[in-house]
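The values are calculated or read from the model by the stated rules, or taken from the named source; none is laboratory data. The model shown is predicted, which means the values in this text are computed figures rather than measured ones. With ideal geometry, Cβ positions are generated from the backbone for all residues, glycine too; neighbour counts draw on all protein chains shown.
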Amino acid sequence: MDMDTSCKEHAVRRLVLALVVALAATFALVGCGSGDADTGASTAPMTCPTDNTKAFPKTRFVADVGLIAGSFHHWIWKPYKEGKFDKGADGRTFALIKASGAALLIAKLTKNATSNVQASPVLCRTIGTPLQKLSNAASDLGSNIRHGDFSALTSVSGLLGTVTTGLGKRGLHVTQTHE
């Protein structure tokens, strides 16, 4: 019975690993875009529209932030706090692979969230600046994790808290989703 359970756990781990690698590769290829993501424009203030330029930008934004928060806390923050990224920790390599994949997903979702904020005059004026800071921090998160630099995790966690708290004050409650 123990052997059967162990085999099932191993198969599930291999499946999750395969999915994470596939997602990471997909987001890396799709996220390449035109190559002008780091032109410095991300630090300039957002230009806010006078009317919504997309359908349901608030709903899309809240969904993106929920996925960002859930992915960050489940795949990055929680394992980091549990010491799973420490040298010699049991399952360290697998935890780092999952965290790197989640970081790629988070970077893509912050780009989506920024696009949705820029499509809503209300969101743009109220949450644009904290989101830009989160987007800048999230863009290097995967690289930092792969290189063993976990110093940015506290900053990302704080910025994510600022964004979700700001949304809650405006009546847009974020539910963390990660599965």
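Observations, loosely collected:
- Any hit, the stretch 103-116, residues being of a type in the set (A, V, I, L, M, F, W, C), more than 11 Å from I68 (Cα to Cα) and part of a helix (DSSP H, G or I): no
- Among the residues making up the stretch 145-179, those that are assigned to a helix (DSSP H, G or I) and surrounded by 19 or more Cβ atoms within 10 Å (Cβ to Cβ) are I145, L153, V156, L159, L160, V163, T164, L167.
Residue-by-condition table, conditions (1) of a type outside the set (A, V, I, L, M); (2) within 14 Å of the chain's Cα centre (by Cα):
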position: I76; (1), (2): no, yes
position: G83; (1), (2): yes, no
position: K98; (1), (2): yes, yes
position: V122; (1), (2): no, no
position: T126; (1), (2): yes, no
position: S155; (1), (2): yes, yes
position: K169; (1), (2): yes, no
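- The residues on offer are D86, D38, and the sole one that is among the acidic types (D, E), closer than 17 Å to D149 by Cα and either at pLDDT 90 or above or in a loop (DSSP other than H, G, I, E, B) (or both) is D86.
- Index of the failed condition, K78 passing every other in (1) in a helix (DSSP H, G or I); (2) in contact (Cβ under 8 Å) with a residue 12 or more places away in the chain: (2)
- Here K98 fulfils each of the conditions (1) under 17 Å from T154 (Cα atoms); (2) among the basic types (K, R); (3) assigned to a helix (DSSP H, G or I) apart from (1).
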